[in-house]
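Structure first, commentary second.
What follows draws every value from the coordinates through simple rules; no lab data is involved. Given the structure is predicted, the values throughout are model-derived calculations rather than measurements. Cβ sites come from the backbone with ideal geometry, for glycine too, and all protein chains shown count toward neighbours.
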Amino acid sequence: MNTSERIKLITQISKKLVVEEWDIIDLTLDQFGLPTFTSWNGEKVTYIIEAIKEAENQVIVSLATHLGIISRPETTREIVSSHWRMNTFKIFLSHISAYKD
């Protein structure tokens, strides 16, 4: 993630979290391994930014995903079928009904 993307995500995270009560903000930050402060005289948004700004990129992405800023990637599963052998090309040939025999 480049610097611009980090700034945008941290800003969006702070806007999402700032509407929460202090205990929920601390809980959320703590659960993502981010620091919380026992004494703070500033605004909530500054508190949140201060706690997040040194975080690893993956933590920022995980927190943004938790808050719905980034959508969760769709998980894909490979379907196992007895019709196909492992490590082979899967080719399906078709025909028109006039040639079915």
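A compact table of results
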{"item": "Whole-Hz ³J(HN,Hα) from phi, Karplus 6.51 cos²θ - 1.76 cosθ + 1.60, for the stretch 60-72, glycine and proline x", "result": "4, 5, 4, 5, 5, 5, 4, 8, x, 6, 10, 7, 5"}
{"item": "Eligible lysines near Lys44 by straight Cα distance, threshold 25 Å, same-chain separation 8 or greater", "result": "Lys8, Lys15, Lys16, Lys53"}
{"item": "Kirkwood Rh in Å, taken over all unlike Cα pairs in the stretch 3-66", "result": "11.6 Å"}
{"item": "In Hz, Karplus ³J(HN,Hα) per residue of the stretch 8-23 (6.51, -1.76, 1.60; θ = phi - 60°; x = Gly, Pro)", "result": "4, 5, 4, 5, 5, 4, 5, 5, 6, 7, 4, 7, 7, 6, 4, 5"}
{"item": "Neighbour-count order for His66, His95, fewest beta carbons within 10 angstrom listed first", "result": "His95, His66"}
